[in-house]
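Below is one structure, written out as structure tokens; comments come after it.
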């Protein structure tokens, strides 16, 4: 019973403290809370973007070792289809010059 009374008295004292506080004090508290919320949001966005971009740069496919290529090195690839980002129609395999082999099988 004492804990309930103590809680009630604490709450009652807090209520009267807020009533006696001046308008300026309330505005300062609101401004501090707003600034803190904005700061936390900015840090959260920064952290989230850092985590997203760092994982996008570094990914690993199991069984495939990374390899560097120099200009002019042959590049052997297998392609199913070439699609456009601007139209729904896929390109023909040999439409682009760099896809056309010297001899078509």
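What follows draws every value from the coordinates through simple rules; no lab data is involved. Source: prediction; values computed, not measured. Cβ atoms come from the backbone with ideal geometry, glycine included; neighbour counts cover every protein chain shown.
Numbers at a glance
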read-out: Linear extension gain, residue 61 paired with residue 40, 0.36 nm per residue minus alpha-carbon span; value: 4.0 nm
read-out: Highest average packing first - 62-72, 32-42, Cβ atoms within 10 Å; value: 32-42, 62-72
